[in-house]
Amino acid sequence: MSTQSIFARIPFLAFSTWLTITGSLAGETWLVENGEPRAEIVIAEQPARMTKLAAKELQNYVERISGAKLPIVARPTTSAIPIYVGQSSFTEQLKLTTAGLENGAFRMASGERWLALVGPDEDYVPIEPWGRLRSSGEAMRVNLAWDKFTGDTFWDNCNGLYARYHKDLDVWDFDDTGTLNAVYEFLRSLGVRWYAPGEMGEVVPRHKQIALPQVNKTVQPDFALRRLSYYTDHIGLGELGIWGLRLGLHQGHKLIGVTQPGHGIKFVLWREEMKRAHPEMYLLTKGERETKHKGTGAPCLSSPLLFEKQLKYSRAMFDHYRQPMISIDMVDGYGGMTCEDPMCRQQLTPDRGWPGSMSDYVWGYLNRVALELHRSHPDRLVSGLAYSAYKLPPEKIEQMSPNLAIIECRGRSKFYDKSVRDQSRAVREAWLKKLPSKKYFTWDYYLSAVPEDVGRPVFTPRLIADDLRELRGISGGDTIEVYQHNPTQETKFDYDPLAVEHLNIYVTSRLWWDCRQDLDQLLDEYYALYYGPASAAMKAFVEYSEQNWMHMNTDGTKIAEALRLLAAAQATVEPQSVYGQRIAKLATLMKPLHALEQQLSRPRTTDLAYRVLETWQAGGQPMKDKPLDGKLSKEFWPEVRISSITRLIPGTRTNVNGQFQVLREGDMLYFGIHCDEPDMRGTKLGATKPDDPRLLDGDFVSLLIETPGRSYYELAIDPAGTVFEIDRGDGGSIQWSSGAQVAVHRGESFWSIEIRLPIAGEGARLLDPLTGIDGNQPKELFPWYFNVCRQRVRGKEIERTAFSPTGQVDEFRKTEKFAKLWGK
């Protein structure tokens, strides 16, 4: 089916597009006639960077639509119809002004034989010093140059500017985009759509005729700040960069500045010179100063010197870099960190719950900084994140400083739960009551495709629309954090992170400009143009997924229906067609749901769970540095998340105790298991060689593991370090090996085990059914299930204990009683 025939099936789109393509009802003046150019693109003799890009984009798409290549000239000829792109002496003669247009706004106007597409086009000019590339040497150069201005040792927040220049496009993120937006609006009127990055994500109709439109309008966005912040670091965004421009994004550099808009205090703390000279500025924990947190260190907000240094740094940013707003808030991960300084501890308010437990402490400090900066720079703003343990406004401050802006971190994808949405609304209203500036922005998260959560089709267009309509006139705009693979690790993943998320981003970007437009029309157009013959089936799939994705972590029937609807859509198109390839991206992203559906179908009669921490989260030294010897030394096995191995039947007594921990480091799980044993000499060994089933007749600890794709595996270890492994799933074998490394230590009244267990990955059994545990790392959405069990034999008496009680004194291999094992 051709794109042209698809357009004909969309009445609300077809008429407006038809006018531009075929000519006005009153008569025809052609920009392109029968595939031949009748117009030319006119730009200034010295155009801005974005104007040059706008002219090239217009030329490129008109040629792709019609086959006609419009020339780009600095002076109009007498025969061709001029399309004025950007401001020039010719638009001045037409008295077309861009005065008052901000944040990417633009004008479109036409006359009898001319068309103008104009908007503000100021080129961004970075102020020295700034970072040209990512390297330690360049960072040092910039920081040393910055020291000459500050007389101190701060980290220069402009070190990362290299990532905001796109060499492939020769534009900065901070160049004005008014004219470019006007060009894209004109191309949209011709039927061009950019639903996702790259050629596969766009729709370009084919027509031999393009008429001169009759138009005179000024377009202003509903939201000034329209940012996508990709989850991983990129240098030159390539297809993502140009896609963002085509969506009409706006980085808001005249609103929030060009520096990092969050966690600004880290630039005061980051440098090693600062840490060595002034350790008292850093949070005190366990008697030591926290100078290593996420590489920058964490602040002690009771430090008078920190206060002075932050003021000095902030004033330098205002004076030298002329920033309209800078971030002054906490380092990332500060929530829940407790400083041992009594002045810090007394300001905590745990009675307010997690989101308010640090609010008076953090905002008390930030407000003092803001007030001082308001006295010295009353025309500038500072911002703080309402986030984590300081999301709620402080109780002890009636009105915040007049120069303070709030960026609330939130998640509109969770607003399907009315209580969550109501709570978010209450937080916003509480902040606005205390905020004289009324400068309120939001930071949201479109992260459904992060590797630990990928699989569910998290479509949220109606939640997005409802939220943005409520925020119109209140919020200055959004920053949306979006997951994208790091280019250096892209080959590790077989899915496109934007297979689902592109629709949420597209809807958001269109509603940022006009949140009152008809969402149903916007979506119906998307289904028709993006999926062609599969439009009806894909509409059914997306709408079902939008209503049910949040249940797919617990309800296998919801997964089954979503997969059925997607398969039905795939059956309506040729697999190699562009429509088939687009749907295939979704099918690939959703592959993990097949195993999850299987897992959810298994009976489960316990809600016991264990969360796995990474070694750094637990506060231990890297396990890769530890010789595996069975000794659970505290520097590697800190006393966190220690769970008991107790009775099989609740309420019964046990003669001995046991406990265990689980840690993760990279693609390895580490199990540390401690077994009290007052009678070490009496331990019974059932086997003397590996993989001998008689091991199960003596003393042993058994690790039972079920993954989404396999139920289940068993690793049994006795006090002598002998190991018995078996795949107990259908078609499993005693020949199977987990690949684990095991070490046992025997003490005077205990024995302990260390297990280093490789995470082989999903599909490992297909590659080699006799090696490795088939499953990705255990996650919240895709957990493993497990039990840690112990058998102790003394004469005729057999005692069995487990982490998850099974209810039977003589049996612990009951999969329905396996506990949930998950992590981040």
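The values are calculated or read from the model by the stated rules, or taken from the named source; none is laboratory data. What you see is a predicted model; the values in this text were computed from it and never measured. Note: ideal-geometry Cβ built from the backbone for every residue, glycine included; neighbour counts use all protein chains shown. Just so you know, the surface numbers come from the protein's heavy atoms only, side chains and all, with ligands and any DNA or RNA stripped out. Shrake-Rupley method; radii C 1.70, N 1.55, O 1.52, S 1.80 Å.
A search for C-beta distances below 8 Å between a residue of region 85-98 that is in contact (Cβ under 8 Å) with a residue 24 or more places away in the chain and aliphatic (A, V, I, L, M) and any residue that is surrounded by 18 or more Cβ atoms within 10 Å (Cβ to Cβ) and part of a loop (DSSP other than H, G, I, E, B), counting only pairs 6+ apart in sequence or on different chains, returns Val85/Ile43.
There is at least one residue in region 136-145 that is without any contact (Cβ under 8 Å) to a residue 24 or more places away in the chain, of a type in the set (Lys, Arg) and within 30 Å of Met281 (Cβ to Cβ). Taken over region 693-716, residues that are more than 18 Å from Ile753 (Cβ to Cβ) and charged (D, E, K, R) amount to 4.
Yes or no, residue by residue, for (1) under 30 Å from Asp494 (Cβ atoms); (2) in a strand (DSSP E or B):
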| residue | (1), (2) |
| --- | --- |
| Val420 | no, no |
| Arg425 | no, no |
| Leu432 | no, no |
| Phe441 | no, yes |
| Tyr445 | yes, yes |
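A count restricted to region 139-191 and to residues that are open to solvent by 10 Å² or more (accessible area, probe 1.4 Å), within 21 Å of Met50 (Cα to Cα) and part of a helix (DSSP H, G or I) stands at 6.
Residue-wise test of (1) open to solvent by 30 Å² or more (accessible area, probe 1.4 Å); (2) more than 22 Å from Val482 (Cα to Cα).
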{"site": "Val203", "(1), (2)": "no, yes"}
{"site": "Thr218", "(1), (2)": "yes, yes"}
{"site": "Gly238", "(1), (2)": "no, no"}
{"site": "His250", "(1), (2)": "no, no"}
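The condition of being open to solvent by 10 Å² or more (accessible area, probe 1.4 Å) and at pLDDT below 95 holds for only one of Asp453, Asp422, that being Asp453.
Selection within region 608-628: residues that are open to solvent by 60 Å² or more (accessible area, probe 1.4 Å) and among the charged types (D, E, K, R). The member of this set that is farthest from Phe782 (Cα to Cα) is Asp625. Within region 741-771, the set of residues being open to solvent by 30 Å² or more (accessible area, probe 1.4 Å), part of a loop (DSSP other than H, G, I, E, B) and hydrophobic (A, V, I, L, M, F, W, C) comprises Ala760, Leu770.
Applying the criterion of being within 17 Å of Arg113 (Cβ to Cβ) and either modelled with pLDDT under 95 or in contact with a strand residue (DSSP E or B) (Cβ under 6 Å, 6 or more places away or on another chain) (or both) to the residues of region 31-50, the residue that is most open to solvent (accessible area, probe 1.4 Å) is Arg38.
What are the residues in region 629-645 that are surrounded by 19 or more Cβ atoms within 10 Å (Cβ to Cβ) and either among the polar types (S, T, N, Q) or closer than 17 Å to Leu757 by Cβ (or both), if any?
Gly630, Leu632, Phe636, Trp637
Inspection of region 202-222 identifies no residue that is under 30 Å from Gly100 (Cα atoms) and without any contact (Cβ under 8 Å) to a residue 24 or more places away in the chain. Listed by first and then second residue, the pairs with beta-carbon distance under 6 Å, at least 6 apart or on different chains, first residue in region 632-650 and modelled with pLDDT under 90, second assigned to a loop (DSSP other than H, G, I, E, B) and open to solvent by 60 Å² or more (accessible area, probe 1.4 Å), are Leu648/Val809; Ile649/Val809. In this structure, Tyr610 does not qualify as of a type in the set (Ser, Thr, Tyr) and part of a helix (DSSP H, G or I). On the stretch given as region 660-687, residues that are open to solvent by 70 Å² or more (accessible area, probe 1.4 Å) and in a loop (DSSP other than H, G, I, E, B) total 4. Among the residues of region 394-408, those that are open to solvent by less than 10 Å² (accessible area, probe 1.4 Å) and not aliphatic (A, V, I, L, M) comprise Pro394, Ser401, Asn403, Glu408.
Condition first: modelled with pLDDT of 95 or more and in a helix (DSSP H, G or I). Can you find one or more residues in region 478-490 that meet it? Scanning region 478-490 turns up no residue that is modelled with pLDDT of 95 or more and in a helix (DSSP H, G or I).
Need pairs with beta-carbon distance below 6 Å; first residue over 24 Å from Ala618 (Cβ atoms) and within region 334-346, second open to solvent by 30 Å² or more (accessible area, probe 1.4 Å); sequence gap 6+ or separate chains. Listed by first residue and then by second, the contacts come to Asp341/Leu284.
Condition (residue is surrounded by fewer than 18 Cβ atoms within 10 Å (Cβ to Cβ), touching a residue at least 12 places away in the same chain (Cβ under 8 Å) and under 25 Å from Thr338 (Cα atoms)) applied to region 375-393: is it met by at least one residue? There is no residue in region 375-393 that is surrounded by fewer than 18 Cβ atoms within 10 Å (Cβ to Cβ), touching a residue at least 12 places away in the same chain (Cβ under 8 Å) and under 25 Å from Thr338 (Cα atoms).
The selection criterion, being open to solvent by 20 Å² or more (accessible area, probe 1.4 Å) and hydrophobic (A, V, I, L, M, F, W, C), holds for Ala277. In region 773-791 there is no residue matching the filter, namely being outside any strand (DSSP E or B), surrounded by fewer than 23 Cβ atoms within 10 Å (Cβ to Cβ) and touching a Pro at 6+ places or on another chain (Cβ under 6 Å). Within region 465-476, does at least one residue satisfy the condition of being within 28 Å of Ala560 (Cα to Cα), open to solvent by 10 Å² or more (accessible area, probe 1.4 Å), of a type outside the set (Gly, Ala, Ser) and in contact with a helix residue (DSSP H, G or I) (Cβ under 9 Å, 6 or more places away or on another chain)? Checked against the condition, which is being within 28 Å of Ala560 (Cα to Cα), open to solvent by 10 Å² or more (accessible area, probe 1.4 Å), of a type outside the set (Gly, Ala, Ser) and in contact with a helix residue (DSSP H, G or I) (Cβ under 9 Å, 6 or more places away or on another chain), region 465-476 yields no hits at all. Every condition in (1) over 30 Å from Glu452 (Cα atoms); (2) of a type outside the set (A, V, I, L, M, F, W, C); (3) open to solvent by less than 60 Å² (accessible area, probe 1.4 Å) is met by Asn657 except one, and the failing one is (3). Residues in region 106-138 that are more than 30 Å from Leu58 (Cβ to Cβ) and outside any loop (DSSP other than H, G, I, E, B) were compared, and the one that is most open to solvent (accessible area, probe 1.4 Å) is Ser136.
Selection of region 793-821 for residues being under 21 Å from Ala687 (Cα atoms), open to solvent by 50 Å² or more (accessible area, probe 1.4 Å) and within 42 Å of the chain's Cα centre (by Cα) yields only Arg813.
Here Ala595 clears all of (1) open to solvent by less than 20 Å² (accessible area, probe 1.4 Å); (2) at pLDDT below 95; (3) in a loop (DSSP other than H, G, I, E, B) except the condition numbered (3). Can you find even one residue in region 633-647 that is within 27 Å of the chain's Cα centre (by Cα) and either under 29 Å from Ser711 (Cβ atoms) or of a type in the set (D, E, K, R) (or both)? Looking through region 633-647, none of the residues is within 27 Å of the chain's Cα centre (by Cα) and either under 29 Å from Ser711 (Cβ atoms) or of a type in the set (D, E, K, R) (or both).
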